[in-house]
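Here's the structure, in structure tokens; my notes come after.
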Amino acid sequence: MTKTKDKKLWGGRFAEATDGLVELFNASVSFDQRLAEQDIRGSLAHVQMLGQVGILSAEEVAQIQGGLGDVLADIRAGTFEWRLDREDVHMNVEAALRDRIGPVAGKLHTARSRNDQVALDFRLFTKEAALDLADKARALRAVMLSEAEKHLTSDGGEGVILPGYTHLQVAQPILLSHWFMAYVAMLERDEGRFRDAAARMDESPLGSSALAGTPWPINRHAAAEALGFARPTANSLDGVGSRDFALEFLAACAILSAHLSRLSEELILYSTFEFGFLTLPDSHTTGSSIMPQKKNPDVSELARGKAGRVFGNLMGLLTVVKGTPLAYNKDLQEDKEGVFDSYDTLSIVLRLYAEMLPKTLWHAEKTKAAAARGYSTATDVADFLARQGVPFREAHEVVGGLVGVASRSGRQLWELTDAELKSAHPLLSAEIARSLTVEESIRSRLSYGGTAPVRVREAVEAAKVLLGSGTME
Ligand code: ARG
């Protein structure tokens, strides 16, 4: 950043120079230069429209558009000089334009304010970011779906078996594919949230001007259309003063982050020596500088940890917005960094998971053995009795007693003697206890949305159809 300063674009009424610390505090160029492409796209459309309605001559339009093109080329080439004394991206671009084409540059800002300009730039950015994260969530979903399909047959049998947990206590056996499909369902909604948000923010605030609209005979609809928006915003105060489009984006990011954080927690646990369910790929794990045996799940830990900042970005902007009277307040300059940060964070986490999951090795014998322990088929024994006419509550009590006997003697249900089982209930026997395997338990869960292999296969097929038919930008 250079130290030479020019007169402020808003400097008309000021007699004293801006205090240096105020200038530093006030400036946003260090981060909003990221909006340069959107800013120039917006200015090009604005000037075009000013020409169409006769506010600017064709020659002025051509001069300004040519100059903006040169400024954009400089920015893309990395030769543009971003100046702190020019405060933000908007005034940097406009001042650079004036440096190039002279006073006619001053006509660019006719019928416009930085308030509608920044609202426009930021909407353009956020809409693109939302659609991009929708695509990336979809790509991860495709990966998880193909993992689900792979593990339906990967052990040569009826699919890899995993303990299903509630309270992190073994609950009932499930298919690993069913577990993957749960995340497929979450990611499908995550994608939908980003697309819904993008559709709702698809309105151009340009032409709201400072807050009240403008006396100039502009055509907001034409400018909105040129910028690829569905329509202009319907109220000028709302157009410049609202940031719920950014809040909605940040909320969708926060929910997606929560899902990825839960996934991370499961992968971290399942990769421990104690669980031993899976091995993460060397390419996506790290070692310890002191303990040679270590292989740490850093990607998953960071994905879990970064949920903190993504949640924080949502809370941050909610807090910024809540006390601001209509319409624009400088507080709103604080809207951008959180959006950039959540977008960048999730872009990388989604990509990393899409690469890491197919390289993760699941240990089918381990997961199956774990699924069989912990009395995971106790519900099946109770259901067996209930099917014979025993009221379910009574059956529950009987099996609970059996689990107590077994656990006190360090045995599983199928290791109880015929006599023990029969004395708990005459309809029970060693043969029945042995027949209630984890495979049988899984096969029996045929209800819609359940873990039976036929149901999971149907779910995989349905998800493939859904994935094939959706919009991919
Ligand atoms: N840098 C400002 C922001 O990001 C641009 C809008 C400034 N408007 C104003 N009236 N000071 O919010």
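If you scan region 113-139, which residues turn out to be of a type outside the set (Phe, Trp, Tyr) and within 12 Å of the ligand (Cβ to nearest atom)?
Scanning region 113-139 gives Ser113, Arg114, Asn115, Asp116, Gln117, Val118, Ala119, Leu120, Asp121.
I'd like the full set of residues that are of a type outside the set (D, E, K, R) and under 24 Å from Ser208 (Cα atoms), limited to region 324-347.
Of all residues in region 324-347, those of a type outside the set (D, E, K, R) come to 324-329, 332-333, 338-340, 342-343, 345-347.
Answer for region 324-347, where residues must be of a type outside the set (D, E, K, R) and under 24 Å from Ser208 (Cα atoms): Thr324, Pro325, Leu326, Ala327, Tyr328, Asn329, Leu332, Gln333, Val339.
For the structure I just gave you, tell me whether Val299 is more than 16 Å from the ligand (Cβ to nearest atom), of a type in the set (Val, Ile, Thr), part of a helix (DSSP H, G or I) and surrounded by 15 or more Cβ atoms within 10 Å (Cβ to Cβ).
On the way: more than 16 Å from the ligand (Cβ to nearest atom): yes; of a type in the set (Val, Ile, Thr): yes; part of a helix (DSSP H, G or I): yes; surrounded by 15 or more Cβ atoms within 10 Å (Cβ to Cβ): yes.
When the stated conditions are applied, Val299 passes them.
Which residues, taken from region 75-95, are assigned to a helix (DSSP H, G or I) and either surrounded by fewer than 16 Cβ atoms within 10 Å (Cβ to Cβ) or within 16 Å of the ligand (Cβ to nearest atom) (or both)? Can you show your working first?
Going through region 75-95, the residues assigned to a helix (DSSP H, G or I) turn out to be 75-77, 84-86, 89-95.
Hits for region 75-95 are Arg76, Ala77, Leu84, Asp85, Arg86, Val89, His90, Met91, Asn92, Val93, Glu94, Ala95.
Can you find, within region 220-243, the residue that is surrounded by the most Cβ atoms within 10 Å (Cβ to Cβ) among those that are in a loop (DSSP other than H, G, I, E, B) and over 27 Å from the mean Cα position of the chain (by Cα)? Don't jump to the end; show me each part of the working.
Pass one, region 220-243, residues in a loop (DSSP other than H, G, I, E, B): 227-230, 233-235, 242-243.
Now restrict to residues that are over 27 Å from the mean Cα position of the chain (by Cα): 234-235.
On the way: Ala234: 9, Asn235: 14.
My answer is Asn235.
Among the listed residues Asp99, Asp116, which satisfies the condition of being within 33 Å of the chain's Cα centre (by Cα) and either closer than 28 Å to Leu332 by Cβ or not polar (S, T, N, Q) (or both)?
Values: Asp99 fails: within 33 Å of the chain's Cα centre (by Cα).
None of the others qualify; the one that does is Asp116.
Among the residues of region 261-291, write down those that are surrounded by 14 or more Cβ atoms within 10 Å (Cβ to Cβ) and touching an Asp or Glu at 6+ places or on another chain (Cβ under 8 Å).
Answer for region 261-291, where residues must be surrounded by 14 or more Cβ atoms within 10 Å (Cβ to Cβ) and touching an Asp or Glu at 6+ places or on another chain (Cβ under 8 Å): Ser264, Ile268, His284, Thr285.
Residues in region 321-353 that are surrounded by fewer than 19 Cβ atoms within 10 Å (Cβ to Cβ) and either within 16 Å of the ligand (Cβ to nearest atom) or in a loop (DSSP other than H, G, I, E, B) (or both): how many?
Going through region 321-353 one residue at a time, the tally reaches 11.
Residue by residue through region 15-33, note down the ones that are over 37 Å from the mean Cα position of the chain (by Cα) and either within 16 Å of the ligand (Cβ to nearest atom) or under 17 Å from Trp82 (Cβ atoms) (or both).
Residue satisfying the conditions is Thr18 alone.
Just to check your reading of the model, which residue among Ser177, Ser209 is touching a Phe, Trp or Tyr at 6+ places or on another chain (Cβ under 9 Å) and not in a strand (DSSP E or B)? Give the derivation first.
Working: Ser177 fails: touching a Phe, Trp or Tyr at 6+ places or on another chain (Cβ under 9 Å).
Exactly one residue qualifies, and that residue is Ser209.
When you look at Ala148, is it modelled with pLDDT of 95 or more, under 30 Å from Thr379 (Cβ atoms) and surrounded by 17 or more Cβ atoms within 10 Å (Cβ to Cβ), yes or no?
On the way: modelled with pLDDT of 95 or more: yes; under 30 Å from Thr379 (Cβ atoms): yes; surrounded by 17 or more Cβ atoms within 10 Å (Cβ to Cβ): yes.
Criteria met by Ala148.
Listed here are the residues, each with its yes/no results for (1) away from the ligand (no atom under 16 Å from the Cβ); (2) out of contact with any helix residue (DSSP H, G or I) (no Cβ under 6 Å at 6 or more places or on another chain).
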site: Asp6; (1), (2): yes, yes
site: Gly11; (1), (2): no, yes
site: Leu35; (1), (2): no, no
site: Met49; (1), (2): yes, no
site: Val53; (1), (2): yes, yes
site: Glu59; (1), (2): yes, yes
site: Gly69; (1), (2): yes, yes
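Can you report the number of residues in region 393-411 which are more than 18 Å from Ser376 (Cβ to Cβ) and either in contact with a helix residue (DSSP H, G or I) (Cβ under 7 Å, 6 or more places away or on another chain) or aliphatic (A, V, I, L, M) (or both)?
Residues that pass the stated criteria total 0.
Which one is surrounded by the fewest Cβ atoms within 10 Å (Cβ to Cβ) among residues in region 186-206 that are in a loop (DSSP other than H, G, I, E, B) and more than 16 Å from the ligand (Cβ to nearest atom)? First the steps, then the outcome.
We begin by selecting, within region 186-206, every residue in a loop (DSSP other than H, G, I, E, B); these are 201-202, 205-206.
Pick out the ones that are also more than 16 Å from the ligand (Cβ to nearest atom) and you get 201-202.
On the way: Met201: 22, Asp202: 15.
Among those that are in a loop (DSSP other than H, G, I, E, B) and more than 16 Å from the ligand (Cβ to nearest atom), it is Asp202.
Rundown of residues vs (1) in contact (Cβ under 8 Å) with a residue 40 or more places away in the chain; (2) of a type in the set (A, V, I, L, M, F, W, C), yes/no style:
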| residue | (1), (2) |
| --- | --- |
| Asn313 | yes, no |
| Leu318 | yes, yes |
| Val321 | yes, yes |
| Thr324 | yes, no |
| Asp331 | no, no |
| Glu334 | no, no |
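Is at least one residue of region 418-434 of a type in the set (Gly, Ala, Ser), more than 35 Å from the chain's Cα centre (by Cα) and modelled with pLDDT under 90?
Quick first cut of region 418-434, residues of a type in the set (Gly, Ala, Ser) only: 419, 423-424, 429-430, 433.
Remaining after also requiring more than 35 Å from the chain's Cα centre (by Cα): 419, 423-424, 429-430, 433.
Adding the requirement that they be modelled with pLDDT under 90 leaves 433.
Yes, some residue in region 418-434 is of a type in the set (Gly, Ala, Ser), more than 35 Å from the chain's Cα centre (by Cα) and modelled with pLDDT under 90.
Looking for something part of a helix (DSSP H, G or I), free of Cβ contacts under 8 Å to residues at least 12 places away in the same chain and closer than 29 Å to Ala223 by Cα - is there at least one such residue anywhere in region 31-42? It would help to see each step written out before you state the result.
Taking region 31-42 as the starting set, the residues that turn out to be part of a helix (DSSP H, G or I) are 31-42.
Now restrict to residues that are free of Cβ contacts under 8 Å to residues at least 12 places away in the same chain: none.
Within region 31-42, none of the residues are part of a helix (DSSP H, G or I), free of Cβ contacts under 8 Å to residues at least 12 places away in the same chain and closer than 29 Å to Ala223 by Cα.
Looking at region 187-233 only, could you name the residues that are touching an Asp or Glu at 6+ places or on another chain (Cβ under 8 Å) and over 30 Å from Arg138 (Cα atoms)?
Leu206, Gly207, Ser208, Ser209, Ala210 - these are the residues of region 187-233 that are touching an Asp or Glu at 6+ places or on another chain (Cβ under 8 Å) and over 30 Å from Arg138 (Cα atoms).
The values are calculated or read from the model by the stated rules, or taken from the named source; none is laboratory data. The structure presented is a predicted model; accordingly, all values stated were derived computationally and were not measured. Positions of Cβ are backbone-derived with ideal geometry, glycine not excepted, and every protein chain shown enters the neighbour counts.
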